[in-house]
Amino acid sequence: MIQKTLLITTLSLTLYSALIYWFGHDISRTGQTVAQRNLVKAEEYRYEAAEQFDTLIVGSSMSERIPTDSLASSCYNLAMAGLSSQAGLKLIRESGHWPRLIYVEMNTLLTPVRPNELLIDQETPVEQFMHEHLAFLRQKYQPIGVFKALLRDWQYGKNQVVAVETGLRVDSAFLEKAVAKALLDQQRPLPDSVLRAQVKFVKHELDTFRQHGTQIILFEVPVDPRIQQTAFSRAIKTAITDTFSALDYTLVMPDSSAVYSTTDGVHLTYGACFDYTHHLCTTLRTPRLQMPNGVRLVSNQP
Amino acid sequence: MLFTSPSFVLLTLLTLGVYYLPVLRRWQVLILTIASLIFYASNQANLLWLLLLSVLINIAASYLVIYGRPQYRRFHAVWGVVANLSILLFFKYGPLVSNTFLRTDQGVGAWLLGLPLPIGISFFTFQGISLVVDTYRNRDVPAFRSLIAHSLLNHAGTVLFFKGFFPQLVSGPIVKAYSFLPQIRPKFWQHINWDYCFRTLVAGYFLKMVVADNLKDHTVLMTYPYFEALSSLTLLSLLLGYSMQIFADFAGYSLIALGLAALFGYQLPANFNFPYVAASFSDFWRRWHISLSSFLREYLYIPLGGNRHGSFRTYLNLLLTMVLGGLWHGAAWSYMIWGLAHGLALVVERWLSDRQLLVSASTTARLLKSVWVFVYVTIAWLLFRLPEFDHVLAYLKAIGLNQQKPHDTLAISFIMLYSIPVVMYHAAYVLRERNVRLKGLQWEFVPYGLMLFMIITNSGKSGSFIYFQF
């Protein structure tokens, strides 16, 4: 029984490996859940995309919806839901590839990487070797996820068109509850010592990238104005702008005259996300723009 | 170090290799004890002292019950149980007391709130109680007395091994002293039942890594207030998914524990017996977490009087046992309410059966009862997933109100897909029970082979076992 079982398993793995080898390039967006999408993204970057893309976005779910092709023709969105910009920076640093440009989301820049949240960074060299050479061990090629992706592509085609209007519907009752929860979560500002330590850590991290010739653009994703005004949010924003504008980093703030709608206080609707991306692109193409809050923006053509 | 981590597999393989070396046969217990301590320390090294303190208490209490002065035997048993319970109460329920009765921002309240929860404390405490109580109850039984070595050092080694044996250390099954101690004897490689070990481990890892760990990433949507944005159907699917997840998680863990213990020549009690086919609540508790329910029956319900003092006392004992059983699961009032809900169900069921109102034995009646028990049990799991009672009510309310919201078809599909193995697992049992001859049994290596394939390729993001927190 044991021998036959092992034979069946080996046979299945061999067939599956052949399938991945022949059709792997047609398989995309296989993540089944938010957590898995993060892992797939991280694995995909490490094992397939690191050398292909010279422009990257790091951040949280707030930046996940940013349409990458608006920013650059060769841009990989490494923003991961539930994680922070630091997680993405860590992945890039560990990959050993120094990209030309990184867009760094400011909102979660001071949120440290929690233990166990980024499983891929805990892989031993043996595991890394196995994941690199045995594709069936990667999250991207989980059979159920692959089945889902193939089914989706078969039903909707490879390039699924999403109407922006579908993302404009906002459940206002839910929005209020979500904002209330976010306000509750952000009731207490971070202690100064924690804030200082994080700023110091992040500065060191970003300086390392700059030393390797990587250009950094820090951008703030707009959130519900009530959340933007909490002591927690303001303290983080001040700490970042004070530190990095003085160091001649490029910072992009949301358009203060625009109204961005969110689904839950922190995530932009698809429509608002397009508006914001447009603003981001326009701002970056305007040389030496002086922002109302005094942050100096340096012209950078991504 | 989780059962699913490569480091654990390495530890097990190394221990197994050393354990069966003929020259080291007389040190087998010591080898397993060292491996167990490494396992515990790798999870929570800073609280290893607490496990050892608990072991010391049980060494002393059980030894004194047998070899102490006869007139103090009862006293030794009582302080042994009280000391065990005190550790549990202090570490597990200190934060609850603090949250409920004290100021949590300063003084004792803040200190209690900051207490760490030792992994597996509920399990190793109950095993300690079992050792002390079993020793006291069997103090005059020569066969049991012989298990308590006269040499204090040997006895200490036995107790440390009994409480620390790593397959069951952190999440059970809760092993009773009278069933485990007689198994401590030299083990031989050729006596390993490889077929049993292989099947149990493959089924256990499949349930945990493929079913539970994948469902876990979907049921994360059951978070307040985010679930309020989901449709009724999505919410019902999530609830079903959580019910399947908690079964797959704990039953999977228990199967792995059984398989691992069998590799070392020890037989642990089965912890699950297809609980979701239960046709009554008492049947459910004979099938779910069997080692806990039998512990509660033997060491709490029966000592309280069981059903020997009339209907009212029986109902009261049932309620009390289930409420305490609920609180055993976690230091939150929601767990107590969960226990109360099950206690009430048992009381009502008993009241009905006392009056011969549950006598229909037709297949349809049995099926309906099974469905009812499953629905009730599944709704009660909400108290596990959402420890805030207000959030539980909000969830139930959302099920009723959110009929017009769009369905999350992807989440629903995945939940159904990952729930299929649990349904099939139970269905196969029902068919076996009904003596339906399943064709193709000689091909059973195919599903096992595919399960192994799925473990390798389709495991979810590794997460703690739900019962680790208890």
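The values are calculated or read from the model by the stated rules, or taken from the named source; none is laboratory data. From a predicted model like this one, the values you see are computed outputs, not experimental measurements. Glycine gets a Cβ as well: all are built from the backbone with ideal geometry, and neighbour counts include every protein chain shown. What goes into the accessible areas is simple: the full protein's heavy atoms, side chains included, and nothing from ligands, DNA or RNA. Shrake-Rupley method; radii C 1.70, N 1.55, O 1.52, S 1.80 Å.
Miscellaneous remarks
- Pairing residues of the stretch B:261-290 that are closer than 22 Å to B:Pro421 by Cβ with residues that are assigned to a helix (DSSP H, G or I) and hydrophobic (A, V, I, L, M, F, W, C), at Cβ distances under 6 Å and at least 6 apart in sequence or on separate chains, gives B:Asn271/B:Ile290; B:Phe272/B:Ala251; B:Pro275/B:Phe284; B:Tyr276/B:Phe374; B:Val277/B:Val430; B:Ala278/B:Phe284; B:Ala278/B:Val373; B:Phe284/B:Val373.
- The set of residues in the stretch B:52-84 being closer than 17 Å to B:Ala149 by Cβ, surrounded by fewer than 19 Cβ atoms within 10 Å (Cβ to Cβ) and not small (Gly, Ala, Ser) consists of B:Leu56, B:Tyr67.
- Selection status of B:Arg103, of a type in the set (Lys, Arg) and in contact (Cβ under 8 Å) with a residue 12 or more places away in the chain: no
- Residue match in the stretch B:232-245 (condition: closer than 19 Å to B:Val175 by Cβ and either touching a strand residue (DSSP E or B) at 6+ places or on another chain (Cβ under 7 Å) or open to solvent by less than 10 Å² (accessible area, probe 1.4 Å) (or both)): no
- Residue count for the stretch A:198-223, restricted to those that are part of a helix (DSSP H, G or I) and in contact with a Pro (Cβ under 9 Å, 6 or more places away or on another chain): 3
- Any chance B:Leu96 is surrounded by 21 or more Cβ atoms within 10 Å (Cβ to Cβ), within 26 Å of the chain's Cα centre (by Cα) and on the phi < 0 side of the Ramachandran plot: no
- Residue ID - farthest from the other protein chains (Cβ to nearest Cβ), chosen from residues in the stretch A:19-47 that are open to solvent by less than 40 Å² (accessible area, probe 1.4 Å) and of a type in the set (A, V, I, L, M, F, W, C): A:Ile27
- Residue check, A:Glu64 exposed (fewer than 15 other Cβ atoms within 10 Å of the Cβ) and at pLDDT below 90: no
- Exclusive hit being surrounded by 14 or more Cβ atoms within 10 Å (Cβ to Cβ), out of contact with any strand residue (DSSP E or B) (no Cβ under 6 Å at 6 or more places or on another chain) and within 17 Å of B:Leu52 (Cβ to Cβ), set B:Ile87, B:Ile148: B:Ile87
- Just one of the listed residues (B:Phe250, B:Phe274) is open to solvent by less than 10 Å² (accessible area, probe 1.4 Å) and among the hydrophobic types (A, V, I, L, M, F, W, C), and it is B:Phe250.
- Considering (1) away from chain B (no Cβ under 13 Å); (2) open to solvent by 40 Å² or more (accessible area, probe 1.4 Å); (3) farther than 26 Å from B:Ser413 by Cα, the lone condition that A:Ser84 does not fulfil carries the number (2).
- Number of the exception - A:Lys200 against (1) free of Cβ contacts under 8 Å to residues at least 60 places away in the same chain; (2) closer than 30 Å to A:Thr282 by Cα: (2)
- Residues that are in a helix (DSSP H, G or I), touching a Lys or Arg at 6+ places or on another chain (Cβ under 8 Å) and small (Gly, Ala, Ser) within the stretch B:226-248 comprise B:Ala229, B:Ser232, B:Ala248, listed in sequence order.
- If you filter the stretch B:326-358 down to residues that are assigned to a loop (DSSP other than H, G, I, E, B) and touching a helix residue (DSSP H, G or I) at 6+ places or on another chain (Cβ under 8 Å), you find that the one that is nearest to B:Ile246 (Cα to Cα) is B:Gly330.
- Meets criteria (touching a Ser or Thr at 6+ places or on another chain (Cβ under 8 Å), loosely packed, with under 14 Cβ neighbours inside 10 Å and at negative phi) for B:Gln442: no
- Residue check for B:Phe414: within 14 Å of chain A (Cβ to nearest Cβ), of a type in the set (Phe, Trp, Tyr) and in contact with a helix residue (DSSP H, G or I) (Cβ under 9 Å, 6 or more places away or on another chain): yes
Yes/no matrix, rows are residues, columns are (1) farther than 28 Å from B:Ser62 by Cα; (2) within 14 Å of chain A (Cβ to nearest Cβ); (3) part of a loop (DSSP other than H, G, I, E, B):
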site: B:Ile174; (1), (2), (3): no, no, yes
site: B:Ser179; (1), (2), (3): no, no, no
site: B:Arg185; (1), (2), (3): no, no, yes
site: B:Tyr205; (1), (2), (3): yes, yes, no
site: B:Ala261; (1), (2), (3): no, no, no
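- For B:Ala270, the criteria (1) modelled with pLDDT under 95; (2) in a helix (DSSP H, G or I) hold in every case but one, which is (2).
- Index of the failed condition, B:Thr223 passing every other in (1) outside any helix (DSSP H, G or I); (2) within 14 Å of chain A (Cβ to nearest Cβ); (3) touching a helix residue (DSSP H, G or I) at 6+ places or on another chain (Cβ under 7 Å): (3)
- Residue selected from the stretch B:363-416 under the condition in a loop (DSSP other than H, G, I, E, B) and within 30 Å of the chain's Cα centre (by Cα), by the criterion nearest to B:Met244 (Cα to Cα): B:Trp381
- Residues in the stretch B:422-451 that are among the small types (Gly, Ala, Ser) and either closer than 14 Å to A:Thr9 by Cα or facing chain A (nearest Cβ under 9 Å) (or both): B:Gly449 only.
- Enumeration of residues in the stretch A:132-167 that are aliphatic (A, V, I, L, M) and at pLDDT 85 or above: A:Leu134, A:Ala135, A:Leu137, A:Ile144, A:Val146, A:Ala149, A:Leu150, A:Leu151
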